[in-house]
Amino acid sequence: MTKSFADLALRPEVLKSLSAAGFEKPFPIQELVIPIALTGVDLIGQAKTGTGKTLGFGLPIVNSVKAIGVIQALVVVPTRELGVQVAEELEKIGSDLSVASVYGGRAIEPQIAQLNEGVDILVATPGRLLDLHRQKALDLSTVQQLVLDEADEMLDLGFLPDVEKIFSLTPNRTQTMLFSATMPGDVVVLARKFLNQPTHIRAQEEDSGAVVKNISQFIYRTHALDKAEIVSRILRAE
């Protein structure tokens with residue numbers, strides 16, 4: 001059994017960044033995924049939300065990407081919140097690389113400016129990614145590694161046509177990784193269509209939930225105009 005990230009075939013620079021970020025021991029999904037992903041094959045990683053999938057695909061990416069200011073790895077996520085989170089994790093473990101996140105709900109001009117400065121790893125939501133492509137603000141032909149994170153949620157949100165378009169815009173990719181908490185039929189069809197003999201890795205309990213048991217989820221119904229105030233009160237509460 002892997003006792004630490006040092007037991008994996010990662011570059012010394014990556015291990016140093018991991019140590020600086022406080023990561024010492026891989027989670028089960030990371031221990032299973034990373035050695036296989038490092039070989040460059042396509043894979044499907046199935047694990048619940050909150051189990052550490054980001055490092056599962058993030059470490060193989062930062063281990064192979066070079067700091068040349070050209071997009072070599074693309075991570076597609078369903079929401080801007082997840083995009084920000086994934087980009088922050090990748091920045092921690094790839095300290096010598098340029099990581100950018102682009103998503104809707106923000107002005108597009110600063111994102112274009114960041115892309116023009118040179119990016120090695122791009123994290124994006126489907127809609128904003130295609131908007132930037134239509135404006136000729138980025139070239140996806142240089143992408144070698146493509147990751148679909150939370151694929152089941154992405155398809156639930158109606159992004160299937162966008163995802164298929166993204167696959168067509170990355171013809172030179174050499175590795176595709178799909179991560180999902182569940183494997184409904186449309187995700188299976190997507191994987192069969194675009195992944196090349198993927199290895200399916202499952203690291204989760206047999207129950208059907210998409211989130212690990214020790215994560216509690218709460219929903220507060222509120223008017224859209226009251227959202228900021230409700231969030232503020234939640235953050236102040238004990």
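The values are calculated or read from the model by the stated rules, or taken from the named source; none is laboratory data. Model, not experiment: these values are computed from the prediction. Methodologically, a virtual Cβ is constructed for each residue, glycine included, from the backbone with ideal geometry; neighbour enumeration extends over all protein chains shown. The area values use the complete protein model at the heavy-atom level, side chains included, leaving out ligands, DNA and RNA. Shrake-Rupley method; radii C 1.70, N 1.55, O 1.52, S 1.80 Å.
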What nm distance separates the two modelled labels at Ala20 and Arg134, each placed 7 Å from Cα along Cα→Cβ?
-> 4.0
Straight-line reach from Lys48: which lysines have Cα under 21 Å away, leaving out those fewer than 8 places along the same chain?
-> Lys25, Lys213
Quick one: net charge around Gly52, please, counting Lys, Arg +1 and Asp, Glu -1 for every other residue with C-beta under 11 Å from its C-beta.
-> +1
Cα centroids of the range 128-160 and the range 1-30: how far apart, whole angstrom?
-> 28
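In nm, what is the difference between 0.36 nm times the number of residues separating Leu157 and Arg192 and their Cα-Cα distance?
Working: separation 35, 0.36 × 35 = 12.60 nm, distance 2.02 nm.
Here the segment from Leu157 to Arg192 would lengthen by 10.6 nm.
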How about Lys53: which aspartates and glutamates have a C-alpha closer than 13 Å to its C-alpha, ignoring those fewer than 8 places off in the same chain?
-> Glu31, Glu89, Asp149, Glu150
So what is the 222 nm mean residue ellipticity for the chain from helices alone, if each DSSP H run of at least 4 adds -39500 (n - 2.57) and you divide by all residues, rounding to the nearest 500 deg cm²/dmol?
-> -12000 deg cm²/dmol
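Quick check for me: using +1 on Lys/Arg Cβ and -1 on Asp/Glu Cβ, what's the dipole size of the chain about its Cα centre, in debye to the nearest 20? Provide the component values of the computation, followed by the final result.
Numbers: 23 positive and 29 negative charges, 28 e Å.
Dipole size: approximately 140 debye.
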Can you work out the accessible area per residue across the range 109-210, with the rest of the protein chains kept in place, probe 1.4 Å, in square angstrom?
-> 48
Under a point-charge model restricted to the Cβ atoms of Lys and Arg (+1) and Asp and Glu (-1), what is the dipole moment magnitude of the range 74-119 relative to its Cα centre, in debye to the nearest 20?
-> 140
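What is the ratio of the Cα radius of gyration of the range 57-123 to 2.2 N^0.38 Å, with N the residue count, to two decimals?
Values: Rg = 11.2 Å, N = 67, 2.2 N^0.38 = 10.9 Å.
The range 57-123 yields a ratio of 1.03.
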Whichever aspartates and glutamates have a C-alpha closer than 13 Å to that of Lys92, once near sequence neighbours (fewer than 8 apart) are set aside | Glu13
Hydrodynamic radius (Kirkwood) for the range 57-180, which is based on Cα pairs only, to one decimal in Å = 14.1
Additional length obtainable on full extension of the chain from Asn116 to Ala6, 0.36 nm per residue less Cα span | 36.1 nm
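What is the Cα convex hull volume of the chain when expressed per residue in Å³?
Values: hull volume 36.2 nm³, N = 238.
So the per-residue Cα hull volume is 152 Å³.
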Listed residues Gly83, Ala20, Asn116: farthest to the positive end of the dipole of the chain (Cβ charges) | Asn116
